[in-house]
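The values are calculated or read from the model by the stated rules, or taken from the named source; none is laboratory data. Worth saying up front: this structure is predicted, and the values here are computed from it rather than measured. Backbone-built Cβ (ideal geometry, glycine too); neighbour counts: all protein chains shown. Areas reflect the complete protein model, heavy atoms only, side chains present, ligands, DNA and RNA absent. Shrake-Rupley method; radii C 1.70, N 1.55, O 1.52, S 1.80 Å.
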Amino acid sequence: MLFEFNDNDDLYDLDLSYFNLDKMDKLDNNKYSMNLKNSNDLDLENGYFLGNIFSNIYDPYKNYKPKKINSYSEQQKMLLKIQELDFIENDLALYLDIHPNDTKVFEIFKRVNKELENLKKKYYEKYEVLELICDNKSKYTWIDDPWPWDGGYYV
Amino acid sequence: MFKYDKKLQYPIDIKNKDLKMAKYIITQFGGSNGELSASLRYFSQKFSMPTEEGKALLNDIATEELSHQEMVATMVNQLISGASVKELENAGLSGQYAEHGYGLFPNDVNGVPWNASYIANVGDPIANLMEDMAAEQKARVTYEHLIDLAKDEDVIQPLLFLRQREVVHFNRFKELYEKYTKEGYK
């Protein structure tokens, strides 16, 4: 797992293996076409902390090992998951920009987007807004600290 | 148009002050191979891309680079947080302090301000994409130098992430370059 969870974490149970390619392989291959040489070229589970979800072009530097990001509060975990899904969406989009007919990757893209939307909605309701359009509570909270560059937010 | 998302692309939380590292990393904020150069290069070039694929890719990478500019600035800001004037002076940042105080300014590691000549746009998709591929490689190498100089995991991890993004962008530009070459663009 990319992120470490407390045992009592029952706030949400999003499991990235939902997006893994074992499941994707069960998609009807006659229905979807894929430009990538094989399904293992997509690493949705580790891609975020590697900075690259495409194993076929992943390029490590020396012996440096990208590490898991630890988070301890429920809010941090949820925000990290949003950041992770947002990253996956972006990396898939750059690929789809030049392979728009890869219907299999597009199918994955749609599932990630749906999950991201759901999670953002939950996060706004429980914590804070990340987008101006979502600031619909009883008072204006967009200005509230912390701003992303403030730090001291992750443990 | 652009809309702001109140989060970083990758979390940054540097707990230990390191003024020398701040002095080096600022180059990715305002140096020739930095994120501002990258973002404006692709943003300028997107208008003369000949196909949907090219317009989309240049637009989307330009946007991502701007979020990297924010990450780099966040790193520098946290690395100098709480530093005294004396400490800045000892780290060779007295000139920086005299002109900008604790404010961030896009300059390179030697204090040379950002300059539009760092980017190119000749209006030709093949020449521009070749420029973009070289730019991504130069940015990758710069991040490698910064990783070599860094000791703190809080600094190394986001640098590794940013370096890998250059690898991805290089490969996407290369794919588009090869596609255009096959399609007969010169």
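Here's a check for you: in the range B:67-89, which residue that is open to solvent by 40 Å² or more (accessible area, probe 1.4 Å) and in contact (Cβ under 8 Å) with a residue 60 or more places away in the chain is farthest from the chain's Cα centre (by Cα)?
That would be B:E87.
Against the conditions (1) more than 14 Å from chain A (Cβ to nearest Cβ); (2) over 26 Å from B:E131 (Cβ atoms), where does B:R41 fall short? Just the number, please.
(2)
Restricting to the range B:153-168, count the residues that are touching a residue at least 60 places away in the same chain (Cβ under 8 Å), open to solvent by less than 10 Å² (accessible area, probe 1.4 Å) and over 13 Å from the mean Cα position of the chain (by Cα).
Number satisfying all stated conditions: 1.
Go through the range A:85-118 and give me each residue that's among the aliphatic types (A, V, I, L, M), within 13 Å of another protein chain (Cβ to nearest Cβ) and under 11 Å from the mean Cα position of the chain (by Cα).
A:L85, A:I88, A:L92, A:L116
Got a sec? Which helices (runs of 4 or more DSSP H) wholly within the range B:80-186 have at least 3 residues that are within 12 Å of another protein chain (Cβ to nearest Cβ) and modelled with pLDDT of 95 or more?
Passing ranges, in order: B:125-149, B:153-182.
Before we move on, is A:D102 more than 29 Å from A:N52 (Cβ to Cβ) and among the acidic types (D, E)?
No: the conditions fail for A:D102.
Considering only residues that are exposed (fewer than 11 other Cβ atoms within 10 Å of the Cβ), in a helix (DSSP H, G or I) and either more than 10 Å from chain B (Cβ to nearest Cβ) or in contact with a strand residue (DSSP E or B) (Cβ under 6 Å, 6 or more places away or on another chain) (or both), which ones fall in the range A:122-155?
The one that is exposed (fewer than 11 other Cβ atoms within 10 Å of the Cβ), in a helix (DSSP H, G or I) and either more than 10 Å from chain B (Cβ to nearest Cβ) or in contact with a strand residue (DSSP E or B) (Cβ under 6 Å, 6 or more places away or on another chain) (or both): A:E125.
Can you name every residue in the range A:80-99 that is touching a strand residue (DSSP E or B) at 6+ places or on another chain (Cβ under 8 Å), more than 13 Å from B:D60 (Cα to Cα) and of a type in the set (D, E, K, R)?
Result: A:K81, A:E84.
Taking B:E53 as meeting all but one of (1) more than 11 Å from every other protein chain (Cβ to nearest Cβ); (2) charged (D, E, K, R); (3) in contact (Cβ under 8 Å) with a residue 24 or more places away in the chain, write down the number of the exception.
Among (1) more than 11 Å from every other protein chain (Cβ to nearest Cβ); (2) charged (D, E, K, R); (3) in contact (Cβ under 8 Å) with a residue 24 or more places away in the chain, B:E53 violates only (1).
Does A:N52 qualify as being at pLDDT 95 or above, outside any helix (DSSP H, G or I) and under 30 Å from A:G152 (Cα atoms)?
It is true that A:N52 is at pLDDT 95 or above, outside any helix (DSSP H, G or I) and under 30 Å from A:G152 (Cα atoms).
Of everything in the range A:58-77 that's surrounded by 15 or more Cβ atoms within 10 Å (Cβ to Cβ) and within 16 Å of the chain's Cα centre (by Cα), which residue is nearest to the other protein chains (Cβ to nearest Cβ)?
Among those residues, the one meeting the criterion is A:I69.
Per-residue answers, yes or no, for (1) crowded, with 20+ Cβ neighbours inside 10 Å; (2) assigned to a loop (DSSP other than H, G, I, E, B); (3) among the hydroxyl-bearing types (S, T, Y):
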site: A:L44; (1), (2), (3): yes, yes, no
site: A:Y48; (1), (2), (3): yes, no, yes
site: A:N56; (1), (2), (3): no, no, no
site: A:L79; (1), (2), (3): yes, no, no
site: A:E84; (1), (2), (3): yes, no, no
site: A:I88; (1), (2), (3): yes, no, no
site: A:L92; (1), (2), (3): yes, no, no
site: A:D97; (1), (2), (3): yes, no, no
site: A:V105; (1), (2), (3): yes, no, no
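How many residues does the range B:5-45 hold that are open to solvent by 20 Å² or more (accessible area, probe 1.4 Å), free of Cβ contacts under 8 Å to residues at least 60 places away in the same chain and more than 18 Å from the chain's Cα centre (by Cα)?
1
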